[in-house]
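The values are calculated or read from the model by the stated rules, or taken from the named source; none is laboratory data. Since we're looking at a predicted model, the values are computed, not measured. Counting neighbours? That spans all protein chains shown, and the Cβs are built from the backbone with ideal geometry, glycine included.
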């Protein structure tokens, strides 16, 4: 925590709920989060970004592919952290992983990139059990998750 940033309890609660939702009843699963964004508050806490989530029940309700909808939620000119519950296929098998994403577009201010980069370890330590991590450069390609070459993401070929 070199940056002095703390992770809010709400972030940890959302993460834990996303990890265990698979065992919930079908009605409850629809209310679970498929994707969520986290941002830094003015008082240097990592918090949930209000209104920036996709529920499992929303998947298939829009014209866009869930991953496309998720990418559109990311800001063009600022950094974010995100969790995405990805279903993907490798040459070996079909998999499902909760993926941590560090979003830092080139157009983001340098100060924001530095704070988010130096705070990344603080949030990763709190989110125990994350199997895969993506950085901004790999986000659009989705070429590797969990160390394997991905051939489809959310049922869509890459």
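Just a few scattered comments:
- Qualifying residue in region 37-51 (condition: touching a residue at least 40 places away in the same chain (Cβ under 8 Å), more than 21 Å from residue 16 (Cβ to Cβ) and under 11 Å from the mean Cα position of the chain (by Cα)): no
- Given (1) closer than 26 Å to residue 41 by Cα; (2) at pLDDT below 65, number of the condition residue 128 does not satisfy: (2)
- Residue check for residue 82: crowded, with 16+ Cβ neighbours inside 10 Å, assigned to a strand (DSSP E or B) and modelled with pLDDT under 85: no
- Taking (1) part of a strand (DSSP E or B); (2) at pLDDT 85 or above; (3) buried (at least 18 other Cβ atoms within 10 Å of the Cβ) in turn, residue 88 satisfies each apart from (2).
- Any helices (runs of 4 or more DSSP H) falling wholly within region 1-77 and containing at least 1 residues that are in contact with a strand residue (DSSP E or B) (Cβ under 9 Å, 6 or more places away or on another chain), within 21 Å of residue 129 (Cα to Cα) and at pLDDT 90 or above: 9-20
- Residues (outside any helix (DSSP H, G or I) and surrounded by 14 or more Cβ atoms within 10 Å (Cβ to Cβ)) located in region 92-114: 95, 97, 98, 99, 100, 101, 102, 103, 104, 105, 108
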